[in-house]
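The values are calculated or read from the model by the stated rules, or taken from the named source; none is laboratory data. What you are looking at is a predicted structure, and each value in this text was computed from that prediction instead of being measured. No Cβ is skipped: glycine too gets one built from the backbone with ideal geometry, and neighbour counts run over all protein chains shown. Surface accessibility is based on the protein's heavy atoms, side chains included, excluding ligands, DNA and RNA. Shrake-Rupley method; radii C 1.70, N 1.55, O 1.52, S 1.80 Å.
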Amino acid sequence: MTLSTSGAHTSHARGALSSLRDIAPMPMSDHDLRGDQPSLPLDSGVADAAATALEQGQTHYVDVPGIPQLREAAARLLGAQGAACQSANIIVTAGLQEARFLTLQIVGDLAGPLVVPNVIHPGVELALDVRELAVQRVATDATRGMRIDLASLEAALQAGGRLVYVEAPVRLTGALYSEAELRAIAELAERFSAGLIIDQGLAVWADGQSPAAVLAAAGFNRLALIGELVPGLGLESWQVGYIAADTAWVPLMQSQKQIHMICTSTPSQYAALAAMEGAADSWAATRATLQDRATEALATAEVLGLRPIAGECASVLAIRPPDAEQFCARAASLGYQVSDGAAFHAPGTVRLAIDTRSSLATMLSAVVEGRA
Amino acid sequence: MTATEKKGTDLLYALLAEARTYSDVIVMGRGDPDFDTPAHIVAAARQAMVQHGADYSPPEGILPLRQAIAERVARRNGITVDPEQEVVVTNGGQEALFLMVVASVGAGEAMLVPEPNYNTYNDSLRFARAEKIGVPTRVDQQFRVDPEQMRVAITPKTRAMLLVSPNNPSAGVVGRADQEALVAIAREHNLTIIADDIYDLFVYDGIEHVSSAAIPGAHERTLTLNALSKSFSMTGWRIGWITGPAHLMQRVRKLKAAVSGPNSIVAQHAALAALTSSYAAVEMMRDTYSKRRKIVLDGLAAMGIPAGNPQGGQFVFADISHTGYNSIELAKHMLTNAHVLVYPGAAFATGWENYIRITFLQPEDKLRDALQRMQRAMESLPARSGQGA
């Protein structure tokens, strides 16, 4: 069991911190391939809705868990994806990182010890390091896109782990858990009376059932789903995330949110509300474009000997070039910014965001061939 | 659990929820100014949505805003900071408060807290698994933070000292001589000073506001918070900040990244517009609050409720001990019978059960209506023998 120490940062957290600026929530330019989510232009109607709300006096504190109409819309959206939730299960957060913090620190303190994959987004390490928590590391399988190794998970639960953190899809590689794998995770959790925190923020960019739908179908409720609320719709820098959680966990997280923030910024909430209208159609169209780009980039990476890690999520491609450090340096020399897998505890791996604006395949060729 | 069985922050939120069930309720509890955000800031936000809505922000905030904050604290507070290393933008004063506490004290450590105190300090200390060392202040001393009382309360576990000026809920202000003495004690005992300046622009009757960090020798050990919520009536936007020396801000910056990442880019640009344009709206609001404060004090005096002479803030802290009712009972009575929400002192710290906090963040006509309702409700209270009766 690994214990983090308050004030004196663990090596995991030191790594996370040093790489903090390498993992932007959204790209800064066409050559910035570090984004967690693809960036698309913001619909002018969304901005107008947010501005109009402000002009109508919506500049004051709102309810801690979010404005009621946004919580209802979020519940409907997740419901349409197969999740079993009501608006009372929803907490609107100031981006994904606050959702990580609340679930890991508050539910983790209540229902832990935590079980965390040994390859994970650096934001998770940061959230774990805020205050001492009991954390067990569980192995991931490099041959399966860094998904959790189920035998290792069972061992961690046998050793006392009671709250499992899962990225589905995996943030580094875009690997999606199959329905069978998710059901197996739920069955293990059920057997050990453990809970699950599922970061499903990238699921919108993968075909197939959402993790929420699979877990709902399996009847598993000891659960907190987290993610970006309206990914890829131009609101990445507006910072709107969500938690959809078991009713037993919501009051504790709501109480903590009141303590450290009171509420999520109101213009962001009104913008998210407007953006959710028609979001599903927009995501489907973007996903189709991204899938074309991803297929092209994957083939190019294979040809160039960059050893791509195939993932089902169309917004990200992870590669294991023969010399990752040299690849990153050459990318930088051509003006590209990429995510070093070391920040996820996967040295030797490089994560590249796939966007609709430019061809990742072209970038890979340019870097390998050393041409601008 | 009923509202009145709850404690601290949960009690206040339970009362707020109950207040919403009355269509004619007048809220004089929560610290949310009745003014909307000034129009020029909203207009700037609309423009920023289009021009900067997709811009990247680091967790500590965009540099132009940090520069504007550095300029603001230099001009208004006499605090000199490097915007690159010594400013972090937060989700309101609330996040700033939380981050400062967690950055300064850990499990088993302790912080000196003058009482009564804003309830969230208790909650944040609980999160940090740290201990609160309460140092009571006295109404007959205008809630002065007595440096000698603070000194004798220090234990080997004490790592930090909280100084909120003007204080919430007492409205007491820490004067320059006391600030100097408190800074000297902090230096002597190697304590971090957590300075809460959120009401710095709201002091009355010619009283000077002195920031702890502006006292010579204080900067190296002082984290200072402020926000735009109260001053520019921007509570919903969630914009605040922490300033302090680079060696302490390093930990604050890490915590900010861990707790919530960057603030909303739109809110940051709105804040930039607020800080770099006219303060006329703030001046107007302060003058208005000054008049309202007098209305509330006069109304309470007519009810025989002493409230001292509050020096700052946006509220008064009134002594109800003569009624024979404790603050939760009286707040509940006011809410049920007068449909007026006031906050019980018991929610702020142990030992303040005989006080209520009343904000003056309502228009004058509503304040007068509320005070008349309160007076009728007081008259309908069954007699009990109070301490002062």
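Filtering the range B:220-254 to residues that are surrounded by fewer than 24 Cβ atoms within 10 Å (Cβ to Cβ) and either out of contact with any Asp or Glu (no Cβ under 9 Å at 6 or more places or on another chain) or in a loop (DSSP other than H, G, I, E, B) (or both) leaves B:Glu220, B:Arg221, B:Ser231, B:Pro245, B:Gln250, B:Arg251. Answer with yes or no whether A:Thr286 is more than 14 Å from chain B (Cβ to nearest Cβ), hydroxyl-bearing (Ser, Thr, Tyr) and more than 21 Å from A:Val230 (Cβ to Cβ). For A:Thr286, the condition - more than 14 Å from chain B (Cβ to nearest Cβ), hydroxyl-bearing (Ser, Thr, Tyr) and more than 21 Å from A:Val230 (Cβ to Cβ) - is not met. Every listed requirement among (1) facing chain A (nearest Cβ under 8 Å); (2) surrounded by fewer than 22 Cβ atoms within 10 Å (Cβ to Cβ); (3) under 23 Å from the mean Cα position of the chain (by Cα) is met by B:Arg46 save one, (3).
Return only the number of the condition from (1) part of a loop (DSSP other than H, G, I, E, B); (2) more than 14 Å from chain A (Cβ to nearest Cβ); (3) open to solvent by less than 10 Å² (accessible area, probe 1.4 Å); (4) not basic (Lys, Arg) that B:Asn263 does not satisfy. Failing condition for B:Asn263: (2). Pairs are defined by a Cβ separation below 7 Å, a sequence spacing of at least 6 or placement on different chains, a first member in the range A:256-275 that is charged (D, E, K, R), and a second member that is buried (at least 24 other Cβ atoms within 10 Å of the Cβ) and modelled with pLDDT of 95 or more; the pairs so defined are A:Lys257/A:Ile91; A:Lys257/A:Leu102. In a residue-by-residue description of the range A:47-60, the property of being closer than 27 Å to A:Asp355 by Cβ, out of contact with any helix residue (DSSP H, G or I) (no Cβ under 7 Å at 6 or more places or on another chain) and facing another protein chain (nearest Cβ under 9 Å) applies to at least one position.
Checking A:Glu98 against (1) among the charged types (D, E, K, R); (2) in contact (Cβ under 8 Å) with a residue 60 or more places away in the chain; (3) farther than 30 Å from A:Leu157 by Cβ; (4) at the interface with another protein chain (Cβ under 9 Å from one of its Cβ atoms): exactly one of these is not met. Which one? Result: A:Glu98 fails condition (3) only.
Considering only residues of the range B:86-99 that are touching a helix residue (DSSP H, G or I) at 6+ places or on another chain (Cβ under 7 Å) and of a type outside the set (D, E, K, R), which is farthest from the other protein chains (Cβ to nearest Cβ)? Per the criteria, the residue is B:Val87.
One residue stands out among those in the range A:244-257 that are open to solvent by less than 20 Å² (accessible area, probe 1.4 Å) and in contact with a Pro (Cβ under 9 Å, 6 or more places away or on another chain): the one that is nearest to the other protein chains (Cβ to nearest Cβ), which is A:Lys257. Can you find a residue that is within 22 Å of the chain's Cα centre (by Cα), farther than 25 Å from A:Asp43 by Cβ and within 14 Å of chain B (Cβ to nearest Cβ) anywhere in the range A:325-338? Within the range A:325-338 (the criterion being within 22 Å of the chain's Cα centre (by Cα), farther than 25 Å from A:Asp43 by Cβ and within 14 Å of chain B (Cβ to nearest Cβ)), the answer is yes, since at least one residue qualifies. The requirement of being crowded, with 21+ Cβ neighbours inside 10 Å, in contact (Cβ under 8 Å) with a residue 24 or more places away in the chain and in contact with a His (Cβ under 6 Å, 6 or more places away or on another chain) is not satisfied by B:Glu86.
Scanning the range A:46-84 for residues that are farther than 26 Å from A:Ile259 by Cβ and either polar (S, T, N, Q) or open to solvent by 40 Å² or more (accessible area, probe 1.4 Å) (or both) returns A:Asp48, A:Thr52, A:Glu55, A:Gln56, A:Arg76, A:Ala80, A:Gln81, A:Ala84.
The condition (being closer than 16 Å to B:Ala14 by Cβ, assigned by TED's automatic domain parsing to the domain that holds B:Asp10, open to solvent by 50 Å² or more (accessible area, probe 1.4 Å) and of a type in the set (Asp, Glu)) is satisfied by just one residue among B:Glu364, B:Glu329: B:Glu329.
Taking the criterion of being of a type outside the set (Gly, Ala, Ser), within 30 Å of A:Ser365 (Cβ to Cβ) and more than 14 Å from every other protein chain (Cβ to nearest Cβ), would at least one residue in the range A:212-231 satisfy it? No, the conditions are met nowhere in the range A:212-231.
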